[in-house]
Structure formats: structure tokens, C-alpha cells
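Heads up, the thing below is written out as C-alpha cells.
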Amino acid sequence: MHKKYKVNSFLARHPHETMGVNDLYSISIAEKYIRDMVNKRHMLEGVSIINPETVTLGDNIIIERGAIILPNTTITGNTVIKKNAKIGPNTEIHDSVIHENVTVKHSLVYDSVVMENTTVGPFAHLREKTVIGKDNRIGNFVEVKKSTTGNNTKAAHLAYIGDSEVGNNVNFGCGSVTVNYDGVLKHKTKIGDDVFIGCNVNLIAPVEIGNNVFLAAGSTVTQNVPSGSLTIARSKQINKEDYAKNLIKPKKTIEQTADDISVEISK
């Protein structure tokens, strides 16, 4: 080296800058130092990070002044967090853009865009190529994949929105599903503006729903729905009075059970 290269001294400001990394434990120590440096840089630029020792931020992400990062949060890739966004706790965001005044808590966001004043979570999952519009609510146990939503659209809980174009002012009831996969191919669902989707509605893609539509709870929709329609696609309820006794055996009392046991023992 002395013959081929210039050999000189190097001034290290901190001992960890020259530490050896020879095993998994050493990697964890090095990662801790890097995490501290990255988090410190963001905090000095006006980002509030609560319990920074539990927060992992990628070196190339952008977080604007005024954003809040809560504990146990991981943000990586080419992610941008805009001002006044609140991320976490217990949240992962990768290769996504989170706009102003957005709250994402206890959720996973991958390769997605969330527009202003939207709430995501808890326990929501946004997957690849998803764009959530302004003033949306994506709530408990809602998964959105490769879909776009307009403004003021809500899926409060227990819904799946996949391969869909959703308009403005749409409400997804609990348990509603866009059924996008037929076992071989994925298909698209298009939903217009001002649509109310009742609980446990299945939209069997490919299907298009017009504007100002009401889909009754429990319906399985297999055909396009024109604007202004009320759609009911479910079996008619039938009540057979005084019939349950033919299907449900009465429970035995303790005395009857004891008598049965005595008979079996005697046999």
C-alpha cells in the first residue's frame, strides 16, 4: 500500500466511526449509531420524534418541519412526510408520500400516496399503487390495494378495496368487499360519486357503479348499476314460525343427565 497509495492518518470525531463490524451484534451497534445520527438531524430541522431510540428512519427520506413521529415507527425508501403529519405509533411506511395533516397510526403503508387531512388506521394496510384522496377515513382492518379514492370517502372498518376507482363521498359499510379476483385474473371495479355501500356488500368485478347509488346491505352485485339506483341483490327473508323446535334439541337438566349416567353404569 505504501508504494501504490498515499497512506495518512484519519481524524475520527467519535470512536464508533472506526468500529469494526464483524458479526450480527456489531451490526446492531453500528445501526444504533446511524439511527441516532439520522434522527438527530431530523429533530434539529424541526421534526418531533417521540422516543427516538424506537424510531428507524431511512437516510434518504424527507420529513418536513412540524411533522410528528411517534414510537415504534419505521420509515424507509423514497418516502416524503409533509408538514403537520402525525405518523405512528407502531407504523411502517415505505416508498410513499404522506401529505399535510395526515394521521397514520398502527398501520402499514407501501408504495402509496395519502392526500391531505386523511386518517389511516388503526390496523389499516395500504398496498402498491394506492392513492387515497383528501379528507378520507381508512379505518380499522381496512386493506386498499392498487386503487384510487376521491375526496371525503370513508371505509371505517373491515373492508377490502382492490383494483378499484372510487369517486367522492363514497361510504363503504362494514364488511364490504370489491371482489377483484376470479381465480385466474384480476378485474376492476369503478364506483361513482355519492355512493352508499351497505354492510357486507360484495362487488363482483368487473362492475361499474354509477353516481348517487344506494347498495342495500348484504347484496352481491354482479351487474352494472345505473346512477340514481337502489340495488338489492339478496334472497328474500322467510320466517317459519314455531319451527325452531324441530331443529334444536332441548338441553337436559342436571337431574336428567345424572339419571342417564346411572343407567349407563348399571348396564
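Sort the following peptides by mean Cβ neighbour count (other Cβ atoms within 10 Å, averaged over residues), highest first: 133-139, 95-101.
Per-residue mean Cβ counts within 10 Å order the peptides as 133-139, 95-101.
Is the chain rounded, prolate or oblate when judged by the Cα gyration tensor, a ≥ b ≥ c being the square roots of its eigenvalues, rounded requiring a/c under 1.5 and prolate requiring a/b larger than b/c?
Verdict is oblate for the chain.
Rounding to the nearest 10 and keeping the result within 0 to 90°, find how far the Cα-based axis of helix 24-44 lies from the longest principal axis of the chain.
90 degrees
Sort 118, 76, 222 so the one with the fewest other Cβ atoms within 10 Å of its own Cβ comes first.
222, 76, 118
Suppose R0 equals 30 Å; then what is the FRET efficiency for residue 129 and residue 62 from their Cβ-Cβ distance, rounded to the nearest 0.05?
Rounded to the nearest 0.05, the efficiency is 0.90.
Which of rounded, prolate, oblate describes the range 70-132, given a ≥ b ≥ c as roots of the alpha-carbon gyration tensor eigenvalues and a/c under 1.5 marking rounded, otherwise prolate only if a/b is larger than b/c?
The shape class here is rounded.
Could you size up the charge dipole of the range 159-234 around its Cα centre, putting +1 on the beta carbon of Lys and Arg and -1 on that of Asp and Glu, and report it in debye to the nearest 20?
Numbers: 4 positive and 6 negative charges, 34 e Å.
Computed about the Cα centre, the dipole is about 160 debye.
Could you pull out the chymotrypsin sites (Phe, Trp or Tyr not before Pro) across the range 1-79 that fall in loop regions by DSSP (anything but H, G, I, E, B) with no more than 10 other Cβ atoms inside 10 Å?
Counting only loop positions with at most 10 other Cβ atoms within 10 Å, the chymotrypsin sites (Phe, Trp or Tyr not before Pro) in the range 1-79 are 5, 10.
What does the extension gain come out to for residue 21 and residue 233, with contour length at 0.36 nm per residue minus their alpha carbon separation?
On the way: separation 212, 0.36 × 212 = 76.32 nm, distance 6.33 nm.
Computed gain between residue 21 and residue 233 is 70.0 nm.
Rounded, prolate or oblate: which one fits the range 60-172, using the alpha carbon gyration tensor with axes a ≥ b ≥ c (rounded when a/c is under 1.5, else prolate when a/b beats b/c, else oblate)?
prolate
Mind checking which lysines have their C-alpha under 25 Å from residue 186, skipping anything on the same chain fewer than 8 residues away?
Correct list for residue 186: 129, 145, 146, 154.
Rule-based calculations on the coordinates, nothing more; no lab input. Because the structure is predicted, anything quoted here is derived from the model rather than measured. All Cβ positions, glycine included, derive from the backbone under ideal geometry; neighbour counts span all protein chains shown.
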